[in-house]
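The values are calculated or read from the model by the stated rules, or taken from the named source; none is laboratory data. Given the structure is predicted, the values throughout are model-derived calculations rather than measurements. Reconstructed Cβ throughout: ideal geometry from the backbone, glycine too, with neighbour counts over all protein chains shown.
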Amino acid sequence: MKKSKEIKTAILVLSGILLFIFIFNYLKGENLLNSSRKITAVYSNVEGLAPSSVVTINGHKVGKVQDISFTQDGSGMLLVSMLIDSDFKFSKNSSAQLYESGLIGGKAIAIIPANDGGENAVSGDVLKSEIKPGLTELVNQRLTPLQEKIESVILSADTLLNNINSIFDEETNSSIKGSIYQLEKTISSFEKTSNALQNLLSDNEESVTTTLGNFSTISEDLSEVSASLSEANLAETIVGLQSAITNFDTLLSNIEQGEGSVGKLMSDEGLYDNLEGALGQLEALLEDMKLNPKRYVHFSLFGKKNKPYSSEKSAVKSTEESKN
């Protein structure tokens, strides 16, 4: 009887120890009743990743983070152990990407399958690690250039204000005030002039009305004159002008064809040759008169007879005189 109680007590103690071990490992993320694969990855910064965080493939949960510890080489790198509960096969060349699961959801790990036909990942394999920028980091990347531009604009605005302050000194302010004062005086003078002009128009409204009426009458007269000019018989004048031009063209055509005195004078080559010969003889006569003036003008007290004119003797005598 005592032995049976001792056996039962021993069984209960052993069962409690086994249950404690099972619960302890389960809380650590290990399921002793399941054939999970233990895969690791090394990160320089886990950015708040905690044990029991989700491990996914294509957004589907396939396991969880079991443990996070420093590597033994003293480099400060972090070794992340993952338990993969799924039977999904993926290459050991796949990568474990650390990403931000949500604005307040913390960090998680996504396994990116390599699909390179390599060996399947098994327990003990180390995957390549990647870190995907989170929303906060992306916002910082976008805000940093914007912040630099805003600082540059603020600096430029500050410089501009300093320059404006340096320009608008006491002398410039007094000049601006004087200009504004002169502008007010100008506006006041313009107002007075406008009032005076309005009074002038009011006092001479009848004269202005009469002048406008006269202008209207003159416009009507001009309209009548324009109408008279438009109704004038300009067609006959144009026809007469065209007829005169036609007659002039006919006259020029007749001259070119040798008709009439002028046409014959311009087109008859014989007449041109005769005129050219006559001019040559006249030129020879004048030349002989210059060389032998006594032959043409005689004055004798004793009535000496004139010698007959001979062209050959005159030519010989002219030649001898030219030689002498």
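So that you can scan it fast, the table gives a plain yes or no per residue for (1) modelled with pLDDT of 85 or more; (2) assigned by TED's automatic domain parsing to the domain that holds S91; (3) crowded, with 17+ Cβ neighbours inside 10 Å:
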| residue | (1), (2), (3) |
| --- | --- |
| F22 | no, no, no |
| N25 | no, no, no |
| K28 | no, no, no |
| S44 | yes, yes, no |
| L49 | yes, yes, yes |
| I57 | yes, yes, yes |
| H60 | yes, yes, no |
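Please find, within segment 98-115, the residue that is farthest from Q66 (Cα to Cα) out of those that are at pLDDT below 90 and small (G, A, S).
A114
Those residues that are in a helix (DSSP H, G or I), of a type in the set (S, T, N, Q) and at pLDDT below 80, I need them from segment 203-243; list them, please.
Those that are in a helix (DSSP H, G or I), of a type in the set (S, T, N, Q) and at pLDDT below 80: S223, S226, S228, S230, T237.
Looking at segment 135-154 only, could you name the residues that are surrounded by 11 or more Cβ atoms within 10 Å (Cβ to Cβ), aliphatic (A, V, I, L, M) and at pLDDT 70 or above?
If the condition is that a residue be surrounded by 11 or more Cβ atoms within 10 Å (Cβ to Cβ), aliphatic (A, V, I, L, M) and at pLDDT 70 or above, then L143, I150 are the ones that fit.
Going through segment 100-130 one residue at a time, which ones are surrounded by fewer than 16 Cβ atoms within 10 Å (Cβ to Cβ) and not in a loop (DSSP other than H, G, I, E, B)?
Across segment 100-130, the qualifying residues are N120, V126, K128, E130.
Condition test on V262, is it out of contact with any Ser or Thr (no Cβ under 6 Å at 6 or more places or on another chain) and modelled with pLDDT under 75?
Criteria met by V262.
Filter segment 33-57 down to the residues that are free of Cβ contacts under 8 Å to residues at least 24 places away in the same chain and either assigned to a strand (DSSP E or B) or under 17 Å from L98 (Cα atoms) (or both) and list them by number.
Those that are free of Cβ contacts under 8 Å to residues at least 24 places away in the same chain and either assigned to a strand (DSSP E or B) or under 17 Å from L98 (Cα atoms) (or both): P51, S52.
Looking at segment 75-94, can you tell me whether even one residue there is in contact with a Lys or Arg (Cβ under 7 Å, 6 or more places away or on another chain) and more than 17 Å from K38 (Cβ to Cβ)?
No, the conditions are met nowhere in segment 75-94.
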